[in-house]
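Notes follow the structure.
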Amino acid sequence: MNASKTLVYDGSFNGFLTAVFIGFEQKLTHADIQKQGQLQSGLFAETETIFTNIEKAQRVWNGVRNKSNSAIKNIYFAFLSEQNNMEALIYRYIQKLMGSKYNGATDFSDDGVLKINQLAHKVGREKHRMEAFVRFQLTKDEVYFANIEPDFDVLPLISKHFRNRYADQQWIIYDVKRKYGLFYDLNTVEIISLDLSDIHTNSMQKSTAFTDVEYEYQDLWNNYFKSTTIKSRINNKLHVQHVPKRYWKYLSEKKAV
Amino acid sequence: MDFNRIKEKLNILADAAKYDVSCSSSGSNRKNKVNGLGDTGNGICHTYTEDGRCVSLLKILLTNHCIFDCAYCVTRKSNDIQRAAFKIQEVVDLTINFYRRNYIEGLFLSSGIFKSADHTMERLIAVAKKLREEENFNGYIHLKSIPGASDELMYEAGLYADRLSVNIEIPTISGLKLLAPDKKHEDFIKPMLKVKNEIIRYTEERKIIKSTAKYAPAGQSTQMIVGATGESDKDIMYSATHFYKNYNMKRVYYSGYVPISTDSRLPALGSQVPMLRENRLYQTDWLLRFYGFSVNEILDTDNPNLDMDIDPKLMWALRNLNYFPVDINKAEPRMLARIPGIGMGSVHKIISGRKYRNLNWEHLKKMGIALNRAKYFIICNSSDWERRDLDAATIKGMILQSQNSKFKGQYNNQLSLFN
Ligand code: SF4
């Protein structure tokens, strides 16, 4: 019997779930699941390449969901964290879940469960931050355009929110770090990749891609942000805690004027 | 649009509106209709001001012209300041353009009272109506109910707004007489009562006819200024409880008085904004709304003020040591919620976790419980617990000592008040 083995998948969530399926099928107690291209295991470990299989992925998904709705969410969120070793953690989490008489997902006295919860929580927080911090700029061809650079791969998580809210305007949200984006064309949201010559931060330099009025509104917003501050209550520590500095470069209100 | 002129107005009218601390944009459930613009949900803080407050709405006055002279207000008639007024269409354009760029969740529109209460209220309603009907805007709208506005107008306002609010500002009637002699207590109460009754009526009708239109789905709120008239914490919290109970308030906000006047009836310019006190009041408010406390457990004639050194839950626990220690592995949820250092999130974790095994200190620590406070009040699956018979003063001293100074001077009036 194989107790340990390295499974290599294509990086997609379905690919990962397929790997989990194979792991369970082969009764691996420890599955070392790794993304293609990031293989780090020792020279002598046995490896197997996993081909994404939607049906198998679906079976794992359904199995987990039948046990617990919060677990399935935790798993997906933790996966999007892209953290080193999250695959092994999730694998163990699913093992525990399937082998437990309650749904093991709420056993907060278990280290692995806590860890997955924490990862999922962090990704959830990033999702909320992106829903808050996206700043659209209106291009001359009437698309509201935003660049983002989130800590985790949250685009799939925020798509629905923006689709529901901005149903009557075209928009693009583009992840500069992961080099892909979402484009809503008034009908559906599609995944796109762009050849961006400039990354559009809140820099003072105006880009010809955007309308003139765009900069007027940024200016108004920037002004509003300042007038709504109560000077006698300034608390920069709290401010930075809520709006960490790494997000500033895309926020028009944090433009240095 | 003349952007320079708009900018001037925005600076004046945002500056005048900022003392209203309400920023909530949650509690409504407006969906995006026929591919229109916007929806409402849990409410998002799109940014935070440099004083650490959530920015979720475009919060402005329609105008800061006012016929009244309330001493505590920057907009008062006798104050020598720049005045400005937005046109209705200007507010609509600003709201829509900010919204489309994902700056805000919606609009919070208030106003100085020009001509009459009704005249002012009509203009506020006109903005909301235009947003809903002409722009197909489904984002959040909070309108100020102008004290003294007629029932008919308050009815109409609720058809377009998600939330309505009248700020009571001064928690005691005697304080109001002193600082706003030309305003009557009833003028505040009347619109509040009308809105409350309409909300109840609509909720009832919705039960029978599902398609009943919405009326102020996010309810109403009010605000009290803290530290302007020498009122006690008991005055404030009893008055808050009264509003929660009798007017179905969704929220009561507490706003530490920011000195804006040389009026001798008020704290002098340059005096400290009572931010810590404000924070303690919010904590108390949370205990009342979510932790099952009633107001007289925390404040009464013998204890009319909160302890500034420690949070109100700890203050209560120290006065009631007879309820402790609580056994983490056996206690009912309502008792768990009363342990200092344990928030509602932790209560849930404890209840789930203890199904699997008896919890010990290590488990509690990993769940993120503030043991430096909690440890004096609990026992768990360990023989090692604080069994010395300590009196309240000693426990308080030890907790204060263990508290990191890193939290000093950093108070948050939004969420996560207990951990
Ligand atoms: S009526 Fe309102 S705006 Fe006018 S002075 Fe009084 S509080 Fe200020």
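Specify the residue with the greatest mean-square fluctuation among A:Ser81, A:Ser197, A:Ser159, computed from a Gaussian network of chain A linking alpha-carbon atoms under 10 Å apart.
It is A:Ser197.
Considering every residue in B:50-59, what mean count of other chain Cβ atoms within 10 Å of its Cβ is obtained?
The shielding value for this peptide is 6.
Report the convex hull volume per residue for the protein assembly as shown, counting only C-alpha atoms, in Å³.
Here the figure is 191 Å³ per residue.
So which lysines pass the test for B:Lys313, namely a Cα distance under 17 Å, with those fewer than 8 places away in the same chain ruled out?
Straight-line reach from B:Lys313, under 17 Å: B:Lys234, B:Lys375, B:Lys396.
For chain A, what does the relative contact order come out to in percent, with C-alpha contacts under 8 Å and a separation of six or more?
13 percent
Which of these, A:Asn147, A:Asn187, A:Asn236, has the largest mean-square fluctuation under a Gaussian network model of chain A (Cα springs below 10 Å)?
Its mean-square fluctuation being the largest, the pick is A:Asn236.
Quick one: P(r) of chain A from all Cα-Cα pairs, 5 Å bins, percents rounded to integers, in order of increasing distance.
1, 5, 11, 14, 15, 13, 11, 10, 8, 6, 4, 2, 1, 0
Given that compact globular proteins tend to follow 2.2 N^0.38 Å, what is the ratio of the alpha-carbon Rg of the stretch B:110-152 to that value?
1.20
From the helices alone, meaning DSSP H stretches of at least four residues, give me the mean residue ellipticity at 222 nm for chain A, per-run term -39500 (n - 2.57), in deg cm²/dmol to the nearest 500.
-13500 deg cm²/dmol
Output the relative contact order of the stretch A:4-126, whole-number percent, from Cα pairs under 8 angstrom with separation of 6+ residues.
It rounds to 26 percent for the stretch A:4-126.
At a probe of 1.4 Å, how much accessible area disappears from chains B and A on forming the pair, both sides counted, to the nearest 100 Å²?
Using a 1.4 Å probe on protein heavy atoms, the buried area is about 5500 Å².
Leaving out ligands and nucleic acids, note down the accessible area per residue over chain B with a 1.4 angstrom probe, in whole Å².
Value for chain B: 42 Å² per residue.
Please work out the Cα center distance from the stretch A:104-152 to the stretch B:1-50, rounded to the nearest Å.
Using only Cα atoms, the two centres lie 23 Å from each other.
Taking a cut-off of 24 Å between Cα atoms, list the lysines near B:Lys210, but don't count ones fewer than 8 places away on the same chain.
B:Lys31, B:Lys33, B:Lys129, B:Lys194, B:Lys196, B:Lys250
According to the Cα gyration tensor, what semi-axes, each the square root of 5 times an eigenvalue, does the equivalent ellipsoid of the stretch B:3-272 have, listed from largest to smallest in whole Å?
One finds semi-axes of 28, 23, 17 Å for the stretch B:3-272.
From the phi angles alone, apply the Karplus equation (6.51, -1.76, 1.60; θ = phi - 60°) to the stretch A:127-138 and give each ³J(HN,Hα) in whole Hz, x where the residue is Gly or Pro.
4, 4, 4, 5, 4, 8, 8, 4, 10, 6, 10, 7
With viscosity set to 1.306 mPa s at 10 °C, what whole-number translational diffusion coefficient in µm²/s follows for the stretch B:140-201 from Stokes-Einstein and a Kirkwood radius over Cα pairs?
130 µm²/s
Name the residue, out of A:Lys237, A:Lys245, A:Lys122, whose mean-square fluctuation peaks in a Gaussian network model built on chain A with Cα pairs under 10 Å.
Taking springs between Cα atoms under 10 Å, the residue moving most is A:Lys237.
For B:Tyr254, list long-range residues whose amide hydrogen, built 1.01 Å from N in the peptide plane, is under 5 Å from its own amide hydrogen.
HN-HN under 5 Å from B:Tyr254: B:Met224.
Can you tell me the Rg and Dmax of the stretch A:134-254, counting just the alpha carbons, in angstroms?
Using the Cα atoms of the stretch A:134-254, the pair Rg, Dmax is 15.5, 48 Å.
Collect residues whose amide H, placed 1.01 Å from N in the peptide plane, falls under 5 Å from the amide H of A:Asp175; neighbours closer than 5 in sequence don't count.
Amide H to amide H, under 5 Å and 5 or more residues apart or across chains, A:Asp175 pairs with A:Ile148, A:Tyr180, A:Gly181, A:Leu182.
As I understand it, the value is the acute angle between the Cα axis of helix A:155-165 and the longest principal axis of the Cα atoms of chain A; what does it come to in degrees, rounded to 10?
The answer is roughly 50 degrees.
Reachable lysines from A:Lys245, Cα under 18 Å, same-chain residues fewer than 8 places away excluded?
A:Lys122, A:Lys127, A:Lys177, A:Lys226, A:Lys237, A:Lys254, A:Lys255
If I compute solvent accessible area with a 1.4 Å probe over the protein chains, what percent of it on the stretch A:4-126 is carbon and sulfur?
Looking at the stretch A:4-126 in its full context, I get 49 percent from C and S.
How many percent of the accessible area of chain B is carbon or sulfur, using a 1.4 Å probe?
C and S fraction of accessible area: 50 percent.
Given H placed 1.01 Å from N in the peptide plane, which residues other than close sequence neighbours of A:Val143 have an amide H under 5 Å from its amide H?
Sorted by chain and number, the residues that satisfy this come to none at all.
Before anything else, pin down the relative contact order of chain B: Cα pairs under 8 Å, at least 6 apart, normalised by residue count, whole percent.
Relative contact order, chain B: 11 percent.
Expressed as a fraction of 2.2 N^0.38 Å, the rule-of-thumb size for a compact globular protein of N residues, what is the C-alpha radius of gyration of the stretch A:4-126?
It is 0.99.
Any idea how far the Cα center of the stretch B:116-179 sits from the one of the stretch A:206-245, in Å?
28 Å
The values are calculated or read from the model by the stated rules, or taken from the named source; none is laboratory data. Computed from a predicted model, the values in this text were never measured in an experiment. Here Cβ is always computed from backbone atoms with ideal geometry, including for glycine, and neighbour counts include all displayed protein chains. These accessible areas exclude ligands, DNA and RNA; they are computed on the full protein's heavy atoms, side chains included. Shrake-Rupley method; radii C 1.70, N 1.55, O 1.52, S 1.80 Å.
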